[in-house]
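The values are calculated or read from the model by the stated rules, or taken from the named source; none is laboratory data. Every value quoted in this text rests on a predicted model; they were computed, and no experiment measured them. Cβ sites come from the backbone with ideal geometry, for glycine too, and all protein chains shown count toward neighbours. Ligands, DNA and RNA are excluded from the accessible area calculation, which covers all protein heavy atoms including side chains. Shrake-Rupley method; radii C 1.70, N 1.55, O 1.52, S 1.80 Å.
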Amino acid sequence: MTTLKTNINSIWISCLFSILMAFNIQTSLANSKVKESKLKVEKFFKSLKTIEANFIQVGPSGDVSNGRIYLDLPGKLRIDYENPNNLLITSKGFWLTIQNRNLKTTNNIPLESTPFSILIKKKFDFENKSLFTSFNNTLGIISLKITNPENKAEGLILEFSEEPFSLKRWIIKDTFGEITTVLIQ
């Protein structure tokens, strides 16, 4: 009877040890994949000079807009919406300028108060203490979530395809919790 209890205890200990080892291996693999993803994204930002692409934007209310985005680093951004929106968003420095060509109005917003400031800086610093970044790598999609530690309700998520590596979309969550998704074509 004592031998049976000893064998059962040994089996339980072996099972528990196996489970802990499997968990440890999975955690190590996940950490390795996140580090690899981070290196790929860092390399992307370091080598990024220009982007020119069509986009589809889905707003918080489900409205869909099309247009073209031009990015010329450092610091130049142009987002040209097709009709009926007919908006033009530009930046060449301190201001993000939003022009409604139909209404003939212009609004200037400090670039640093927008998520675009992250995209058009010459260097993106993952060690920046004023930003909180986290990575996720699931099914060939690398997600980089960027938030301000003082206001985690708003932020930016950049999603990259792993093979071939390219920026596919970004998701902007504003102060009110409204989400806008931009798909890069």
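Within the stretch 53-67, which residues are among the polar types (S, T, N, Q) and in a strand (DSSP E or B)?
Of all residues in the stretch 53-67, those among the polar types (S, T, N, Q) come to 54, 57, 61, 65-66.
Result: 54, 57, 65, 66.
Go through the stretch 107-136 and give me each residue that's loosely packed, with under 14 Cβ neighbours inside 10 Å, in contact with a Ser or Thr (Cβ under 6 Å, 6 or more places away or on another chain) and either at pLDDT 70 or above or aliphatic (A, V, I, L, M) (or both).
First, pick out the residues of the stretch 107-136 that are loosely packed, with under 14 Cβ neighbours inside 10 Å: 107-108, 110, 112-113, 122-123, 125-130, 134.
Then keep just the ones that are in contact with a Ser or Thr (Cβ under 6 Å, 6 or more places away or on another chain); that gives 108, 126.
The one that is loosely packed, with under 14 Cβ neighbours inside 10 Å, in contact with a Ser or Thr (Cβ under 6 Å, 6 or more places away or on another chain) and either at pLDDT 70 or above or aliphatic (A, V, I, L, M) (or both): 108.
Hey, among the residues in the stretch 59-97 that are among the polar types (S, T, N, Q) and more than 14 Å from residue 183 (Cα to Cα), which one's surrounded by the fewest Cβ atoms within 10 Å (Cβ to Cβ)?
61
Show the residue pairs that are 6+ apart or on different chains and have beta-carbon atoms under 7 Å apart, the first residue being within the stretch 37-62 and farther than 14 Å from residue 158 by Cα, the second being of a type in the set (Asp, Glu) and surrounded by fewer than 16 Cβ atoms within 10 Å (Cβ to Cβ).
50/72; 60/178
Based on this model, can you work out whether residue 146 counts as in contact with a Pro (Cβ under 7 Å, 6 or more places away or on another chain), part of a strand (DSSP E or B) and either at pLDDT 85 or above or open to solvent by less than 50 Å² (accessible area, probe 1.4 Å) (or both)? Step through it out loud before you land on a result.
Details: in contact with a Pro (Cβ under 7 Å, 6 or more places away or on another chain): no; part of a strand (DSSP E or B): yes; either at pLDDT 85 or above or open to solvent by less than 50 Å² (accessible area, probe 1.4 Å) (or both): yes.
The answer is no for residue 146.
Which count do you get for residues in the stretch 166-185 that are modelled with pLDDT of 85 or more and not in a strand (DSSP E or B)?
So the count comes out to 1.
Looking only at residues that are assigned to a strand (DSSP E or B), charged (D, E, K, R) and modelled with pLDDT of 90 or more in the stretch 68-106, which one is nearest to residue 133 (Cα to Cα)? Step through it out loud before you land on a result.
Looking only at the stretch 68-106, we keep the residues that are assigned to a strand (DSSP E or B), and these are 68-72, 76-81, 87-91, 95-100, 105-106.
Narrowing the set further to residues that are charged (D, E, K, R) leaves 68, 72, 76, 78, 80.
The next check asks that each one be modelled with pLDDT of 90 or more; those that pass are 68, 78, 80.
Numbers: 68: 27, 78: 25, 80: 29 Å.
Here the residue is 78.
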